[in-house]
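For reference, the structure discussed in these notes is given below.
A short reminder: the numbers here are calculations on the coordinates, not readings from a lab. Keep in mind it's a predicted model, so treat the numbers as computed, not measured. Reconstructed Cβ throughout: ideal geometry from the backbone, glycine too, with neighbour counts over all protein chains shown.
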Amino acid sequence: MKVLVPTDGSDRSMKAVEMAVKMAEKESAEVTLLSIAHYATGDFEALPADLQIRFELAAKSVLEKAKALFDQKQLKVETRLEYGIIPGNNILKLAEEGGFDQIIIGSTGVTGLTRLIMGSTALKVAQHAPCTVTIVR
């Protein structure tokens, strides 16, 4: 079974990672961890010049934190860093192209203005995924 676990480092997304660790232990699931560095387009000229670098470093840090849970148990896991503005689009595209059987995703992650603008990633994924979606609270 191929399992995709998008994570933004939030508590609920890390619970999804923990669930994937258990699946890897019990069912030998092939797990891919995904983190998306928000892509700051040129439309935001007033933002700091190093903003894209900050987004990338934050996403890499999230992947390292999630991967560490697999490493502690000596479980194989793949990590993937992508760039995008709407994380749900990245998740859905990878799920389809990668032939994943399941997506495990936290029920909420980013909050505040970003969530208002982008909507609920988990909801979008659940509505449009080409495979089973488990939403973790």
Margin query: Quick check: pseudo-label points 7 Å beyond the Cα along Cα→Cβ at SER61 and GLU96, how many nm apart are they?
Written below: 3.3 nm
Check: Can you give the angle from 0 to 90° between the axis of helix 11-27 and the longest principal axis of the chain, with both taken from C-alpha atoms, to the nearest 10?
Finding: 30 degrees
Notebook entry, point to check: Which of the aspartates and glutamates could be linked to LYS93 by a straight reach, that is with a Cα gap under 16 Å, when you skip same-chain ones fewer than 8 residues away?
Noted result: GLU82, ASP101
Next item on the list: With runs of 4+ DSSP H residues as the only contributors, calculate the mean residue ellipticity of the chain at 222 nm using -39,500 (n - 2.57) per run, divided by the residue total and rounded to the nearest 500.
Entry: -14500 deg cm²/dmol
Next item on the list: Quick one: which residues, 5+ away or cross-chain, put their amide H under 5 Å from the amide H of ILE103? H built at 1.01 Å from N.
Entry: LEU4, THR132, VAL133, THR134
Note to self: Rounding to the nearest 10 and keeping the result within 0 to 90°, find how far the Cα-based axis of helix 51-72 lies from the longest principal axis of the chain.
What the structure shows: 10 degrees
Checklist line | Listed peptides 126-134, 100-108 by packing density, highest first (mean Cβ within 10 Å) | finding: 100-108, 126-134
Next item on the list: Starting from the Cα gyration tensor of the chain, multiply each eigenvalue by 5, take the square root, and state the resulting semi-axes largest first in whole Å.
Entry: 25, 17, 13
Notebook entry, point to check: Put a dot 7 Å past each Cα toward the Cβ at LYS2 and HIS128; how far apart are the dots in nm?
Noted result: 2.0 nm
Check: Roughly how tilted is helix 87-97, in degrees to the nearest 10 and between 0 and 90, from the longest Cα axis of the chain?
Finding: 40 degrees
Checklist line | Distance in nm between pseudo-label sites at SER120 and TYR39 (7 Å out along the Cβ direction from Cα) | finding: 2.6 nm
